[in-house]
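Heads up, the thing below is written out as structure tokens.
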Amino acid sequence: MKELSLNVLDITENSVKAGATLTEISITETDTELIISIKDNGCGMSEEILMSVTDPFYTTRTTRRVGLGIPLFKLAAEMTGGRLEIKSRTKDMDPEGHGTAVTAYFFKNHIDFTPLGDIVSTLTTLIRGHAEVDFLFTHEKDGRCVTLDTRELRAMLEDVPLDTYEVIKWIEGYLEEQYDNL
Amino acid sequence: MKSLAELQAIKDKMKSKVVLREGTNEIRVVVGMATCGIAAGARPVLNAFVEAVNEAGLAGEVTVSQTGCIGICQYEPVVEVFEAGNKKTTYVKMTPEKAKTVVEKHLKGGKVVAEFTIESK
């Protein structure tokens with residue numbers, strides 16, 4: 001992937017496919033580190049599947065949707081000296097707190113660090129593609145924060161869908177304006 | 001500064017339009033957005049379709065959506081256009097520029113852009 005924001009798009013698609021109604025995408029940045037966390041309330045994975053998702057050649061039909069996405073994200077993190085962690089709880093294991101959390105740690109100053117890229121485009125693509133589910137996005141850097149919570153927008157818009165062209169354009173502008181101040 | 005009040009204005013404007021749009025979609029543009037598609041550049045292709053369809057005033061007749069991997073990863077970004085009468089066109093190795101051409105010539109003009117299709121490869 002040319003940008004980490006494309007990995008974020010790819011991994012978050014897994015959350016939507018896992019039936020998540022809310023996916024939290026958090027980016028935390030310091031001078032040296034970048035941490036990307038994608039946490040959903042979807043169906044979760046069993047321990048057996050969880051152990052194999054980082055293996056690109058594990059492709060039985062039940063896990064086919066995972067494919068190369070996680071291995072590529074893991075590789076991008078490890079190339080910088082960082083790492084990837086996945087925690088997951090199925091509905092059987094945890095009826096209340098089920099879901100999957102993928103967290104990738106990057107060292108920004110490493111020569112093989114992939115830039116974050118156009119994260120705004122990733123978010124608008126996700127919202128447009130999955131207007132029926134919610135996303136909570138935060139990007140923290142030096143005590144400042146960019147945020148977007150589609151639940152707030154949904155409450156405001158009532159029955160106007162989030163994937164309306166004008167709404168997506170507004171979200172794009174809203175995020176870009178916040179990024180100008182980050 | 002963008003405010004939620006602006007969103008309120010969009011809501012009021014859209015509410016009157018919502019009813020008009022229903023049931024008028026005749027063409028579906030579907031962009032492959034699995035890992036293979038995303039890595040090959042599907043995100044800007046999808047966005048180019050959305051922008052071009054709106055600019056061309058085709059939002060009432062054309063819906064742009066996304067799908068997973070359809071199994072021809074070497075041809076990504078892949079875009080399928082579904083029209084009335086089960087007509088399907090598969091465009092391969094798409095770019096934002098090609099997307100604009102497809103909107104102009106195919107979606108607006110009704111003529112398949114043969115050199116971008118899988119049959120031409």
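Values quoted throughout were computed directly from the atomic coordinates according to the rules given, and no laboratory measurement underlies them. Everything quoted here is computed from the prediction, not taken from an experiment. Note: ideal-geometry Cβ built from the backbone for every residue, glycine included; neighbour counts use all protein chains shown.
The table below lists the values:
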quantity	calculated
Base-10 log of normalised Debye intensity for region B:40-91 (one unit scatterer per alpha-carbon) at q = 0.15 Å⁻¹	-0.46
Low-density loop positions, GluC sites (Glu not before Pro), region B:46-80 - DSSP coil, at most 15 other Cβ in 10 Å	B:Glu61
Cα-based helix-to-principal-axis angle, B:4-21 vs chain B, degrees rounded to 10	70 degrees
Check: region B:21-120 dipole with +1 on Lys, Arg Cβ and -1 on Asp, Glu Cβ, in debye	80 debye
Extended-chain gain in nm, criterion 0.36 nm per residue less alpha-carbon gap, B:Arg28 and B:Ile72	13.9 nm
Degrees, to the nearest 10: B:42-55 long Cα axis against longest axis of chain B	50 degrees
P(r) tail fraction, region A:4-180 - alpha-carbon pairs more than 28 Å apart, %	25 percent
Distance (nanometres) between label positions extended 7 Å along Cα→Cβ at B:Glu83 and A:Lys87	5.3 nm
Flagged links, alpha-carbon separation over 23 Å, of A:Lys169/B:Lys111; B:Lys88/B:Lys121; A:Lys17/A:Lys74; A:Lys169/B:Lys15; A:Lys169/B:Lys11	A:Lys169/B:Lys111
Whole-Hz couplings from phi, Karplus 6.51/-1.76/1.60, listed for region B:101-106; x for Gly and Pro	5, 5, 4, 5, 7, 8
Cβ-based charge dipole, the protein assembly as shown, positive-most Cα from B:Val64, A:Ile49, A:Thr147	B:Val64
Chain B shape via C-alpha gyration tensor axes, a/c threshold 1.5	prolate
Largest-first principal axis extents, alpha carbons of the protein assembly as shown, Å	52, 49, 43
